[in-house]
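Working notes, beginning with the structure itself.
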Amino acid sequence: MTQTTATVSLSVARVGSGGNTNQGEYFYSFNPANLLVFEADTKVVYELSSESADSFEIWRVVTSDNSDQIKGVDRAASRRSISFTNANTVEQLISVSVLVIDKANDGAIVNCDPQMTNVPTGGIG
């Protein structure tokens, strides 16, 4: 059986003011904004979009998972993506924090926090 992969694109920009993280200095968005996971042992990949400056690197991912759903976190050598396996055996909302480093701003840490929803029953119906 082939492992299901869910890829989420992360766009990050330093905007100075009016953003949605780091006291408004940065703006980020995810596509999709809320990842719905239906399959067991889904590989989840968060990757910086091509629109994100080369000065951004993904540092790590931190989650609210308290049911041992997230395993095998692996950051790509390029530091532009990070992946893990979501066991998806427990129905729950998991808050995720993708921590991004801005090398062009003295290594500022940018917190980007999407949501991931586990629906182990296989979806609606």
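Stretching the chain fully between ALA108 and GLN23 yields a gain of 29.4 nm (0.36 nm per residue, less the alpha carbon separation). The Cα atoms of segment 45-101 give a gyration tensor whose axes a ≥ b ≥ c have a/c of 1.5 or more with a/b greater than b/c, which makes the shape prolate. Once Cα extents along the principal axes in Å is calculated for the structure shown, the corresponding label among (1) 39, 38, 29; (2) 45, 29, 24; (3) 74, 29, 15 turns out to be (2).
Using only alpha carbon pairs under 8 Å that are at least six residues apart, calculate the relative contact order of the chain and give it in whole percent. Each step should come with its number before you reach the end.
Values: 306 pairs, mean separation 33.3, N = 125.
Across the chain, relative contact order equals 27 percent.
Counted over the chain, the DSSP beta bridges are approximately 75% antiparallel.
Evaluating 6.51 cos²θ - 1.76 cosθ + 1.60 at θ = phi - 60° for every residue in segment 112-117, the Karplus couplings come out as 10, 10, x, 10, 9, 10 Hz, glycine and proline recorded as x.
Please state the charge dipole magnitude for segment 5-118, taken about the Cα centre, from unit charges on C-beta atoms (+1 on K and R, -1 on D and E), reported in debye and rounded to the nearest 20.
Taking the Cα centre of segment 5-118 as origin, the dipole is about 180 debye.
Near ARG60, the amide H atoms lying under 5 Å from its own belong to LEU99; only residues 5 or more places off or on other chains count, and H is placed 1.01 Å from N.
We did not get these values from a lab; they are worked out from the coordinates using the rules stated. If you're wondering where the values come from, they're calculated on a predicted model, not measured in any experiment. Every residue, glycine among them, receives a Cβ derived from its backbone with ideal geometry; neighbour counts consider all protein chains shown.
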